Amino acid sequence: MLRWLKKIGSYMLKKILIVSLSASLMACAANPNSTSSEEFAKETQIDIGYNAVRVQGTKVQAKPTSEAGAKVTAAQYYITTSFSKTSPAESDAIVHMELSYFQTTSEFEDYRVDGIRGKVTAQKVTSQMCNDNCMNNQWFEFPIPTATLVAAKDTGLPFEILVSGAEKGLEFEVPAAYIQGLVKRYQKAQQDYNVGGGEIASSAPAAAPVATTAVAATSAGAITRANSDFSTEAQMLQHWFNKVTPAEQEAFIDWALKNRKAIKGQAKPGSKGYDMLTYWFTEANVSERSEIISWAVENMK
């Protein structure tokens with residue numbers, strides 16, 4: 001009788017622990033939406049390399065906005081991106097994710113971001129724990145273009161994890177403040193690196209000169225600041241300018257000339273590339289805009 005009671009007690013304890021753990025993790029899931037971009041920036045790690053700046057965000061607990069039949073007990077992710085010093089707009093960010101769920105579905109193999117679907121890359125072998133029910137734990141990662149990530153810094157970035165062949169899956173969203181924190185930490189790293197002070201600057205090559213603030217058009221047609229002081233806005237603008245049609249390039253230049261000193265009116269909506277082009281122009285500071293326009297005129301298709 002005593003042995004039977006111990007088994008019941010052990011069984012109930014396991015149930016309580018599973019429920020409590022799930023509730024605790026899901027309670028933490030709301031925190032990212034109430035965390036400021038400054039707080040995220042403080043928790044973000046930076047690594048200055050010779051050719052790139054690596055930014056790693058903090059881990060956050062995530063709650064799916066839609067589960068499509070799967071029961072998630074815990075989910076967390078963090079994002080890393082490596083900004084190329086020569087063309088940061090061409091960089092890719094990586095979402096690293098850990099997912100725990102009751103095994104009522106197959107393993108998740110696909111992701112979807114901004115309408116693009118692809119395969120996740122497993123980081124560990126999926127583990128399984130069974131009692132009355134079985135629970136899977138998956139560790140995987142998938143890429144997001146840095147331009148797509150940064151473009152969502154004011155709205156947040158939805159993404160989806162799917163079973164292969166399924167049309168709907170687990171829907172999550174990277175909070176806008178999280179993305180802003182990554183961008184702020186990257187921009188601060190640029191400042192620290194360029195002014196020649198602090199721990200980051202001490203890791204720079206000894207011959208690295210103090211940066212100026214002039215934006216120049218190189219012979220290769222790339223926007224860059226003198227002495228490697230790269231403007232994120234200018235690099236993003238270059239990326240999208242090269243993506244749009246000649247007619248959109250002309251329309252952009254016409255709009256930009258009228259708004260170079262102050263944004264007097266939003267550009268008419270166009271293709272995604274055109275919308276991103278005008279967005280990054282509004283993000284550039286006034287001193288950069290004339291240089292950007294000159295560069296755009298010289299590099300029209």
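Results, tabulated for the structure shown:
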| read-out | value |
| --- | --- |
| Solvent-accessible area of Val297 with every protein chain in place, 1.4 Å probe, in Å² to the nearest 10 | 80 |
| Options Ala152, Gly118, Cys134, ranked by Cα towards positive dipole end of segment 37-193, top entry (Cβ charges) | Ala152 |
| Segment 37-193 pair-distance distribution - Cα-Cα, 5 Å bins, rounded % | 2, 9, 18, 21, 18, 13, 9, 6, 3, 1, 0, 0 |
| Fraction of accessible area attributable to carbon and sulfur, segment 37-193 (%, probe 1.4 Å) | 46 |
| Lysine pair number, Cα distance threshold 18 Å (strictly under), segment 37-193, separation 8 or more or different chains | 15 |
| Percentage relative contact order, segment 37-193, counting C-alpha pairs under 8 Å, at least six apart | 27 |
| Surface per residue (accessible, 1.4 Å probe) for segment 37-193, Å² | 46 |
| Share of carbon and sulfur in the accessible heavy-atom surface of segment 232-299 [1.4 Å probe, %] | 52 |
| Proximal charge balance of Gln56 [Cβ under 12 Å; K/R count +1, D/E count -1] | +1 |
| Using alpha carbons only: equivalent-ellipsoid semi-axes of segment 232-299, gyration tensor based, whole Å | 15, 13, 11 |
| Heavy atoms of Asp47: accessible area, 1.4 Å probe, square angstrom to 10 | 90 |
| Residues Asp154 and Lys261, FRET efficiency given R0 of 25 Å [Cβ-Cβ distance, rounded to 0.05] | 0.60 |
| Å² per residue, accessible surface of segment 232-299 at 1.4 Å | 49 |
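The values are calculated or read from the model by the stated rules, or taken from the named source; none is laboratory data. Every value quoted in this text rests on a predicted model; they were computed, and no experiment measured them. Cβ sites come from the backbone with ideal geometry, for glycine too, and all protein chains shown count toward neighbours. Only protein heavy atoms, including side chains, enter the accessible area calculation; ligands, DNA and RNA are left aside. Shrake-Rupley method; radii C 1.70, N 1.55, O 1.52, S 1.80 Å.
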